[in-house]
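Here's the structure we're looking at; comments come further down.
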Amino acid sequence: MISSKPNKLILIGASTGGPGLIERIVTALDVLNGVSIVIAQHMDRLSLASFAKRLHRIYPEEVVLVSDRLPIQSGRIYVIHDTATIHYKHNAFILEMQSMQESYYHPTIDLLFDSAAMLHNIKISAYLLSGIGADGAAGMFELQERGFKTVAQDELSSIVYGMPKRALEMGAAQQVLSIDEIIRDIQQEVYENVCTI
């Protein structure tokens, strides 16, 4: 089991239609050497626990349901149980729960992306998938402004073309890709990272 901090973060935000898309992504992955994935999927807390268990059955390493303050370790997938932010403290990337944060969305993708935009000395690629509304678009804009990679799902492969459309309209998405292209892109992100560590 890999326990060091990652040198690359892959952030995934999704809402309606997201669980099936995320399962397809995770199914296509090998061990994430040097990479960690943090998932913010709009869903009630009970369903998120079941979702994390499903992902754990299809991923060869650990999938962690995050419900408390937790350091991010390389090679793991994290499903946030409540709205969370990422901070760098004591030589570690820390997921901090924001359970008292009032928001229409649960968990809130914008807060996750906003906090990640403040990080240094780590590569970040953010993907905004199918979903109703605009959550994640503003946070993705902040990531893009700070030079991180941002990708929105295209209309044709989205179940609901709300969140990724808003990201595109705001100029937050550097690329617009189908879900099949996103899967290949994430695989390439992992492969490139393995080749450089």
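Read the figures in this text as sums done on the coordinates, not as results from a lab. On a predicted model such as this, the values are computed, not experimentally measured, just so you know. We place every Cβ from the backbone using ideal geometry, glycine too, and count neighbours over all the protein chains shown.
Label zone (residue 145, point 7 Å along Cα-to-C-beta; backbone nitrogen cut-off 16 Å) within the stretch 161-181: 167-174.
Here the stretch 36-128 is described by how far its Cα atoms reach on the three principal axes: 34, 33, 24 Å, from widest to narrowest. Pairs from the list 89/165; 89/123; 53/89; 53/149; 53/165; 8/89 with a Cα-Cα gap above 23 Å: 89/165; 53/89; 53/149; 53/165.
For n ≥ 4 DSSP H runs only, could you compute -39500 (n - 2.57) per run for the chain, divide by its residues and tell me the 222 nm figure to the nearest 500?
On the way: 6 runs with 67 residues, N = 197.
Calculated at 222 nm, the ellipticity per residue is -10500 deg cm²/dmol.
Relative to the Cα centre, the charge distribution of the stretch 10-108, modelled as +1 at Lys and Arg Cβ and -1 at Asp and Glu Cβ, gives a dipole magnitude of about 140 debye. In the distance distribution for the stretch 142-197, Cα-Cα pairs more than 17 Å apart total 44 percent. Ranking 36, 161, 134 by how far each Cα lies toward the positive end of the dipole of the stretch 8-196 (charges on Cβ) leaves 36 at the top. Can you tally the net charge around residue 156? Count Lys and Arg as +1, Asp and Glu as -1, for every other residue whose Cβ sits under 14 Å from the Cβ of residue 156. Local charge sum for residue 156: -3.
Taking the Cα of residue 28, stepping 7 Å toward and past its beta carbon, and measuring to each backbone N in the stretch 175-197: which are under 12 Å? Of the residues in the stretch 175-197, 177-190 have backbone N under 12 Å from the label point off residue 28. Rg/Rh for the chain to two decimals, with Rh computed the Kirkwood way over all alpha-carbon pairs. Rg/Rh: 0.92. Net charge of the neighbourhood of residue 196, taken over other residues with C-beta under 14 Å away and scored Lys/Arg +1, Asp/Glu -1, is 0. Near residue 122: Cβ cut-off under 10 Å, other residues only, Lys/Arg at +1 and Asp/Glu at -1. The net charge is +3. Listing 42, 120 from fewest to most neighbouring C-beta atoms within 10 Å gives 120, 42.
Could you sort the peptides 140-146, 186-192 by per-residue average Cβ neighbour count (10 Å cutoff), highest mean leading?
Details: 140-146: 20.4, 186-192: 16.3.
Highest mean packing first, the order is 140-146, 186-192.
Which values of log₁₀ I(q)/I(0), to two decimal places, follow from the Debye formula for the stretch 75-188 at q = 0.15, 0.21 Å⁻¹ with a uniform point scatterer at every Cα? Each listed q corresponds, in turn, to -0.65, -1.23.
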